[in-house]
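Enquirer: One structure coming up, written as structure tokens, with questions to follow.
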Amino acid sequence: IAPNDHDKLILIGTSNGWMGQSAYLAELYDVEAGDAPPVDLVAERAAGELVRALKAKGLISAAHDLSDGGLAVAAAEMSFASGHGIKLASDPTLPSHAWFFGEDQGRYLLACPGGSVQGVLAEAKTAGVPAQHIGKVEGDRIVLGDRSIPMASAKAAHEGGFARMMAGAASPAA
């Protein structure tokens with residue numbers, strides 16, 4: 001389900017900027033280094049149950065798990081699905097690349113109507129799951145902190161990636 005124009009964006013889970021074995025390192029630097037992110041099954045379950053409860057209560061309009069590519073890729077995919085731009089704030093405690101592309105586990109990006117933000121944050125607090133309001137759905141650009149790209153350009157690059165990969169692949173043996 002896609003977010004609606006003017007929805008607010010809430011990040012669920014803890015962000016430490018984990019870069020080991022990340023898509024960021026692999027795609028931009030052709031490096032496979034470091035350990036994969038640690039998994040806390042209790043935190044993962046709590047976050048998943050929270051998202052399910054928020055949906056059941058009608059407090060969110062969309063949810064996307066954060067995995068390969070982290071927050072930036074999840075936000076871009078939400079933007080593409082909705083046809084609306086997305087604006088995300090930076091985190092002053094982490095380098096931009098770690099905040100936007102870190103692959104910490106047990107995290108979700110949620111979209112909710114503005115009137116639901118406090119309810120979502122209260123539900124998260126009650127569940128013991130970290131949550132913070134980090135952005136909004138608006139316009140026609142994907143804005144990550146002080147960086148911005150037209151949504152159409154980002155979508156074309158995203159959708160063209162598979163075609164470029166396949167064009168460079170060797171044809172299978174007969």
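Enquirer: I'd like to know if segment 35-49 contains one or more residues that are under 21 Å from Ile149 (Cα atoms) and in contact with a Phe, Trp or Tyr (Cβ under 9 Å, 6 or more places away or on another chain).
Expert: no
Results for (1) farther than 16 Å from Val51 by Cβ; (2) of a type in the set (Gly, Ala, Ser), shown as yes or no for each residue.
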residue: His6; (1), (2): yes, no
residue: Thr14; (1), (2): no, no
residue: Gln21; (1), (2): yes, no
residue: Leu25; (1), (2): yes, no
residue: Glu32; (1), (2): yes, no
residue: Ala36; (1), (2): yes, yes
residue: Val39; (1), (2): yes, no
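Enquirer: Okay, next question. Does at least one position in segment 119-136 carry a residue that is out of contact with any Ser or Thr (no Cβ under 8 Å at 6 or more places or on another chain), open to solvent by 30 Å² or more (accessible area, probe 1.4 Å), polar (S, T, N, Q) and modelled with pLDDT of 95 or more?
Expert: The answer is yes, given that some residue of segment 119-136 is out of contact with any Ser or Thr (no Cβ under 8 Å at 6 or more places or on another chain), open to solvent by 30 Å² or more (accessible area, probe 1.4 Å), polar (S, T, N, Q) and modelled with pLDDT of 95 or more.
Enquirer: Being part of a helix (DSSP H, G or I) and touching a residue at least 60 places away in the same chain (Cβ under 8 Å) is the filter; apply it to segment 118-131 and report the residue that is farthest from Gly48 (Cα to Cα).
Expert: From segment 118-131, those part of a helix (DSSP H, G or I) are 118-127; that's our starting set.
Next, from what is left, pick out any that are touching a residue at least 60 places away in the same chain (Cβ under 8 Å): 119-121, 123-124, 127.
On the way: Gly119: 17, Val120: 14, Leu121: 15, Glu123: 13, Ala124: 11, Ala127: 11 Å.
That would be Gly119.
Enquirer: Every residue in segment 33-58 that is open to solvent by 80 Å² or more (accessible area, probe 1.4 Å) and under 20 Å from Pro95 (Cβ atoms), please.
Expert: Asp35, Pro38
Enquirer: Looking at Gly115, Gly139, can you tell me which residue is in a helix (DSSP H, G or I) and open to solvent by 30 Å² or more (accessible area, probe 1.4 Å)?
Expert: Gly115
Enquirer: Specify which of the listed residues (Asp104, Asp68) is under 26 Å from Ser153 (Cβ atoms), among the charged types (D, E, K, R) and modelled with pLDDT under 95.
Expert: Asp68 is the lone residue from the list that is under 26 Å from Ser153 (Cβ atoms), among the charged types (D, E, K, R) and modelled with pLDDT under 95.
Enquirer: Any chance segment 65-78 includes a residue that's free of Cβ contacts under 8 Å to residues at least 12 places away in the same chain and out of contact with any helix residue (DSSP H, G or I) (no Cβ under 7 Å at 6 or more places or on another chain)?
Expert: No, segment 65-78 contains no residue that is free of Cβ contacts under 8 Å to residues at least 12 places away in the same chain and out of contact with any helix residue (DSSP H, G or I) (no Cβ under 7 Å at 6 or more places or on another chain).
Enquirer: Can you name the residue in segment 24-54 that is part of a helix (DSSP H, G or I) and in contact with a Leu (Cβ under 9 Å, 6 or more places away or on another chain) and is also nearest to Asp68 (Cα to Cα) among such residues? So that I can check it myself, show each step before the final result.
Expert: Restricting attention to segment 24-54, the residues satisfying the condition of being part of a helix (DSSP H, G or I) are 24-29, 41-54.
Then keep just the ones that are in contact with a Leu (Cβ under 9 Å, 6 or more places away or on another chain); that gives 51, 53-54.
Details: Val51: 19, Ala53: 25, Leu54: 24 Å.
So the residue we want is Val51.
Enquirer: Looking at Ser79, Ser61, Ser67, which one is open to solvent by 40 Å² or more (accessible area, probe 1.4 Å) and small (Gly, Ala, Ser)?
Expert: Unique residue meeting the criteria: Ser67.
The values are calculated or read from the model by the stated rules, or taken from the named source; none is laboratory data. Computed from a predicted model, the values in this text were never measured in an experiment. As a convention, Cβ positions derive from the backbone with ideal geometry for all residues, glycine included, and neighbour counts pool all protein chains shown. For the accessible areas, the whole protein counts, side chains as well, though only heavy atoms, and no ligand, DNA or RNA atoms are used. Shrake-Rupley method; radii C 1.70, N 1.55, O 1.52, S 1.80 Å.
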